[in-house]
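Just so you know, all these numbers are worked out from the coordinates, no wet-lab data involved. Keep in mind that this is a model prediction, so the values were computed, not measured. Cβ coordinates were reconstructed from backbone atoms using ideal geometry, including for glycine residues, and neighbour counts include every protein chain displayed.
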Amino acid sequence: MRTLRFTAELWRWEARAEWFFVTVDADASARIREVPRPPRGFGSVRVRATVGGTSWTTSVFPDATRGAYVLPVKRSVRVAEDLDEGDPADVVLEVLE
């Protein structure tokens with residue numbers, strides 16, 4: 001389960017217009033959830049994310065309204081990969097814990 005691959009649409013968080021995310025698909029979210037791990041802030045799970053040719057270390061966070069984890073996509077990644085709100089992003093996640 002260490003490496004997960006999916007494609008998801010980039011969306012803007014309404015509460016903070018400068019924050020963008022992709023929703024981890026249902027299968028990958030279920031696979032992340034099924035692994036027991038020590039609790040972390042906000043239920044986060046450390047990952048190494050890759051979108052296109054850009055990789056970074058971050059966390060995914062459970063989102064109760066979506067029933068899945070969400071991955072924050074920072075500005076430098078969006079610029080490097082020419083991603084705008086609504087664009088599909090091909091994501092590779094390596095779960096680090």
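Only Cα pairs under 8 Å and 6+ residues apart enter the sum, and on that basis the relative contact order of the chain stands at 42 percent.
Remark: the R5-S44 segment gains 12.2 nm on full extension, using 0.36 nm per residue and subtracting the alpha carbon distance.
With a cut-off of 10 Å between beta carbons, the residues surrounding T7 carry a summed charge of -2, where Lys and Arg count +1 and Asp and Glu -1. Cβ-Cβ distance of E14 and T57, R₀ of 25 Å, FRET efficiency by 1/(1 + (r/R0)^6): the value works out to about 0.45.
Positive contributions from Lys and Arg (+1) and negative ones from Asp and Glu (-1), summed over other residues with Cβ under 10 Å from the Cβ of V92, come out at 0. Select from V73, V47, V35 the residue whose mean-square fluctuation is largest in a Gaussian network model of the chain (Cα-Cα springs shorter than 10 Å). Highest fluctuation of the listed residues: V35.
Taking a sphere under 12 Å around the Cβ of T57 and counting the other residues whose Cβ falls inside, with K and R at +1 and D and E at -1, yields a net charge of +1. Of the residues D25, D82, D63, the one that moves most in a GNM of the chain with alpha-carbon contacts below 10 Å is D82. Extent along the principal axes, Cα only, for region 3-95: 36, 28, 20 Å, with the longest axis given first. In this simple spin-label approximation, T65 and E85 carry label points 7 Å from Cα along the Cα→Cβ vector, and these lie 1.4 nm apart.
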